[in-house]
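To start, the structure under review is shown below, and the notes come after it.
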Number of protein chains: 2
Amino acid sequence: MPQTMTSADLRIRNQVRLLRAVHDAAEPFTRAEAARLLGIGRNTAAALVGELEQARLLHEIPAETSGRGRPTTLLVPHPEGPLAFAVDFREDTWTLAAVELGGAITELETGEHDRTPNAFAEIRTAVARHETPRLAVLGFATSGPIRDGHRLHISHLGWDEVELDELIGPDWPRTVIDNDARLAGLAEARRGALRGMGTALHFHIDFDIGGTLLLAGDAQRGGHNTAGEFGHMPLSGSPLQCMCGVQGCWSLDVGANALIRRFGETPGYGAGRELAQEVVRRAEAGESEAGSALDDNAAALGKGLGALANALDPEAISLSGLGVDLIRMRREVIETHCARALMEFRRNEPPTITAGRLGEAGPLRGAAEVAWDAILNADWVKARLASRR
Amino acid sequence: MPQTMTSADLRIRNQVRLLRAVHDAAEPFTRAEAARLLGIGRNTAAALVGELEQARLLHEIPAETSGRGRPTTLLVPHPEGPLAFAVDFREDTWTLAAVELGGAITELETGEHDRTPNAFAEIRTAVARHETPRLAVLGFATSGPIRDGHRLHISHLGWDEVELDELIGPDWPRTVIDNDARLAGLAEARRGALRGMGTALHFHIDFDIGGTLLLAGDAQRGGHNTAGEFGHMPLSGSPLQCMCGVQGCWSLDVGANALIRRFGETPGYGAGRELAQEVVRRAEAGESEAGSALDDNAAALGKGLGALANALDPEAISLSGLGVDLIRMRREVIETHCARALMEFRRNEPPTITAGRLGEAGPLRGAAEVAWDAILNADWVKARLASRR
DNA sequence: CAGTTATGTTCTTGGTACGAACATAACAAG
DNA sequence: CTTGTTATGTTCGTACCAAGAACATAACTG
């Protein structure tokens, strides 16, 4: 509500703040705590909550009493309240889940797909199978950049700027779509390792590196919605040509493709991920060639992270995908090379480098976040309150 | 005002929005236009403006009548309203200026300094010479990172993490300090080449490269206030060791130091800037060795810009310092190498690369912006309204 | 069992923006 | 020169909001 603001909008605004607080909180809180949190009176809080309860957005349940004072109620999502559906669309499979206010997630269905845009229709059917009047919004995580918000490019499926407006038609629920690496980062920023950070970075390391800059819990999208291709900066000095059309990309030295290339296989997609996992297993088993491949990967990763830290000064950096393995097995290599790439004056407070806390669920959780973001605003809440009185 | 919000705060909020609009507008606007802009009624606008006039924050002057309708007034800064002072602190000199709401700037004094922290005391004296009750806040642009907002490091003056809290004491006016490259970028984003951009980058090219990421008109500061050291990423493949302690920095190939090194001089500070300017002049005169040095500089610049564009997806990039010369004389080289470093799928909409519009005044104008930012908020305006009724 | 404490509830109050109706000062057309 | 048109200013009554004070309530404590 950056624009007009009447006293009636004030109420809505506080209700949105309250819903947002409930959604973002790590633990449920009581109505009295909510009043303190928002800086409003107990009487006002009661009025806000009352209306939200009527609109089936919040529900009050008796809080287990602790200490003195009149017992109060815990604010929880309404059992008949709106749901966000979240879809994680991967190379061969998809997952559909329902997410309540507050982030509680229930997996609804998973399926395989044929790697063609038909998959979207299948997913729409799956959504229909689980559709309920409670469904309010759908978040969709895919891979590859979505230019200008509607042209989807997934190179490993051979999708060349597929027009999303044709795949996601008017029969779809309200839908928000974004790419997996960005959404995984967003999820870490909201509910994972990057929670509470003002400036942070997240990288998902798969075949190559995708990532996102997170500022105050929001993922940055760039001018054409294609921000985040950190893997395509020449940060580790590779002499090779990248499939993206540029020479020397960081992704040539970090990720599954780099591991595979080391063992004489042609980088690409498909079975490459399993090959990379095998390299990790062998390295864990102590095989020296595999270990040294991991060393190189970790060194290049660290070097790039240090360079990015110079420019962007993150408080913390989280990793997902292969990054989790690298940090588990080669933390020291990463940190050493990161420090070496950091400007000297900042080596005494390097960014924390950590594994993401949401693991494989990152993109799905991130999709849920952007879905909820799309409705946790004055306009939607206002309409909801008006329709349910 | 993210926290409490009563109906009284609503008025303040709208008044801040109005002041912000006046400050940010390219051209003055009338009271009726203001009402439309803020989405409020004419009556409300009259009330807001009336109070702001009484607080000597806004002034109404008759607008030259155009077309039909009752004549209205133009909203301009109050002639006795608050002033921000802005300081640009450079290698050997400083400039002090006064800036009104809306950005109108008056230079007050310039001076030289002895390159020691004494300079701050001299500047404080100069401020005192021009001090008026109208002075509300001081913005200060310096060079070098200011860690955690209070430890200033200026390597070319040999200042190693000077404690700002000792230099800027309680006898100073309310003071906001930041580094020149970041402030120059902010100024471009607010009043220059990057105006209105959601995502943009600015780079100041001097001995090396400093810059800032600008999102929705705000410069990003990072977790320790040291974001912006883009020059210390290995973007152009230099094999050399950088003075910052890292190998391969972009700054080794772009900027005055790179030009100087090419001609056998030791990079460093002092006379280097003039040497670099001489190289530029010689190149303009057609001297081939100088021209080729410029080519290399421009190529490395373009390459780095492309890499950064992949990651951050700016709509536009502006340059200051030596960058202005490079873009004037070698635009094509920069753009060619930028395109080459861009991922293929985005080469058809590369970021606009342009010279900054504020030239040498960038840091000063940026300092004025952060100074005004510090007071154009609910708390300050509320206090001002309360004290002047 | 009485006192303490934290919270819920009720009612009054000051303040806000809005809408409608009217006033005003320019221009335009005859 | 007069009358209509147009955009803006002004006044007044209305709906709404959050705050504050006073009181009620339900636990715990000693």
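If only residues of region A:61-75 that are more than 8 Å from DNA strand C (Cβ to nearest atom) and touching a strand residue (DSSP E or B) at 6+ places or on another chain (Cβ under 9 Å) are counted, the one that is most open to solvent (accessible area, probe 1.4 Å) is A:E64.
The requirement of being modelled with pLDDT under 95 and open to solvent by 50 Å² or more (accessible area, probe 1.4 Å) is not satisfied by B:R129.
In the set (1) of a type in the set (D, E); (2) in a helix (DSSP H, G or I); (3) more than 14 Å from chain A (Cβ to nearest Cβ), B:D9 fails one condition alone, (3). For region A:76-84, the condition of being more than 13 Å from DNA strand C (Cβ to nearest atom), at pLDDT below 95 and away from chain B (no Cβ under 14 Å) holds for none of the residues.
Condition test on A:A309, is it among the hydrophobic types (A, V, I, L, M, F, W, C) and more than 14 Å from every other protein chain (Cβ to nearest Cβ)? Reasoning before the result, please.
Working: among the hydrophobic types (A, V, I, L, M, F, W, C): yes; more than 14 Å from every other protein chain (Cβ to nearest Cβ): no.
For A:A309, the condition - among the hydrophobic types (A, V, I, L, M, F, W, C) and more than 14 Å from every other protein chain (Cβ to nearest Cβ) - is not met.
Determine if region A:21-34 includes at least one residue that is farther than 29 Å from A:E109 by Cβ, at pLDDT 95 or above and of a type in the set (K, R). Checked against the condition, which is being farther than 29 Å from A:E109 by Cβ, at pLDDT 95 or above and of a type in the set (K, R), region A:21-34 yields at least one hit.
The single condition among (1) at pLDDT 95 or above; (2) away from DNA strand D (no atom under 16 Å from the Cβ) that A:P117 does not meet is (1).
Yes/no per residue for (1) at negative phi; (2) within 22 Å of the chain's Cα centre (by Cα); (3) open to solvent by 60 Å² or more (accessible area, probe 1.4 Å); (4) free of Cβ contacts under 8 Å to residues at least 40 places away in the same chain:
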position: B:N225; (1), (2), (3), (4): no, yes, no, no
position: B:G245; (1), (2), (3), (4): no, no, no, yes
position: B:A256; (1), (2), (3), (4): yes, yes, no, no
position: B:E274; (1), (2), (3), (4): yes, no, yes, yes
position: B:V280; (1), (2), (3), (4): yes, no, no, no
position: B:E289; (1), (2), (3), (4): yes, no, yes, yes
position: B:A293; (1), (2), (3), (4): yes, no, no, yes
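Look at (1) away from DNA strand D (no atom under 13 Å from the Cβ); (2) without any contact (Cβ under 8 Å) to a residue 60 or more places away in the chain and you find that B:G102 fails only one, number (2).
Out of B:E229, B:E274, B:E265, I need the residue that is more than 8 Å from chain A (Cβ to nearest Cβ) and either more than 20 Å from B:G359 (Cα to Cα) or aliphatic (A, V, I, L, M) (or both). Which one? Give the steps one after another, and end with the answer.
Values: B:E229 fails: more than 8 Å from chain A (Cβ to nearest Cβ); B:E274 fails: either more than 20 Å from B:G359 (Cα to Cα) or aliphatic (A, V, I, L, M) (or both).
Residue meeting the stated conditions: B:E265.
Among the residues of region B:121-153, the ones that are of a type in the set (D, E, K, R) and not in a loop (DSSP other than H, G, I, E, B) come to 5 in all. Just wondering, is there one or more residues in region A:42-57 that are in contact with a Lys or Arg (Cβ under 7 Å, 6 or more places away or on another chain), over 19 Å from A:R134 (Cβ atoms) and in a strand (DSSP E or B)? Checked region A:42-57: no residue is in contact with a Lys or Arg (Cβ under 7 Å, 6 or more places away or on another chain), over 19 Å from A:R134 (Cβ atoms) and in a strand (DSSP E or B).
Candidates in region B:18-54 are the residues that are polar (S, T, N, Q) and either away from DNA strand C (no atom under 14 Å from the Cβ) or away from chain A (no Cβ under 14 Å) (or both); of these, the one that is nearest to B:G81 (Cα to Cα) is B:Q54. Residues considered: B:H156, B:H204. Of these, the only one that is open to solvent by 20 Å² or more (accessible area, probe 1.4 Å), part of a helix (DSSP H, G or I), touching a residue at least 60 places away in the same chain (Cβ under 8 Å) and away from every other protein chain (no Cβ under 13 Å) is B:H156. Taking the condition farther than 23 Å from B:G304 by Cβ and open to solvent by less than 30 Å² (accessible area, probe 1.4 Å), does B:L164 pass? In short, yes. Restricted to helices (runs of 4 or more DSSP H) entirely inside region B:280-389, those with at least 3 residues that are under 30 Å from A:T226 (Cβ atoms) are B:288-312, B:322-341, B:362-375.
Going by the structure shown, is A:A193 part of a loop (DSSP other than H, G, I, E, B) and closer than 16 Å to A:V324 by Cα? Yes.
State which residue is surrounded by the most Cβ atoms within 10 Å (Cβ to Cβ) when the search covers only region A:324-351 and only residues that are under 25 Å from A:Q277 (Cα atoms) and within 14 Å of chain B (Cβ to nearest Cβ).
Filtering region A:324-351 down to residues under 25 Å from A:Q277 (Cα atoms) leaves A:324-338.
Checking which are within 14 Å of chain B (Cβ to nearest Cβ) leaves us with A:336-338.
Numbers: A:T336: 16, A:H337: 22, A:C338: 25.
Ranking the candidates gives A:C338 first.
The single residue among B:G149, B:G144 that is buried (at least 20 other Cβ atoms within 10 Å of the Cβ) and in contact (Cβ under 8 Å) with a residue 12 or more places away in the chain turns out to be B:G144. Note on region A:12-54: among residues that are over 29 Å from the mean Cα position of the chain (by Cα) and touching a residue at least 60 places away in the same chain (Cβ under 8 Å), the one that is farthest from DNA strand D (Cβ to nearest atom) is A:Q54. State yes or no: is A:G198 away from every other protein chain (no Cβ under 13 Å) and not polar (S, T, N, Q)? So A:G198 does not fit the description; no.
Could you please find all residues in region A:371-389 being open to solvent by 10 Å² or more (accessible area, probe 1.4 Å) and within 16 Å of the chain's Cα centre (by Cα)? Steps first, please.
Here is the first cut: in region A:371-389, the residues open to solvent by 10 Å² or more (accessible area, probe 1.4 Å) are A:373-374, A:376-380, A:382-389.
Hits for region A:371-389 are A:D373, A:A374.
The values are calculated or read from the model by the stated rules, or taken from the named source; none is laboratory data. Note that this is a predicted model, so its numbers are computed, not measured. Glycine also receives a Cβ, built like all others from the backbone with ideal geometry; neighbour counts cover every protein chain displayed. These accessible areas exclude ligands, DNA and RNA; they are computed on the full protein's heavy atoms, side chains included. Shrake-Rupley method; radii C 1.70, N 1.55, O 1.52, S 1.80 Å.
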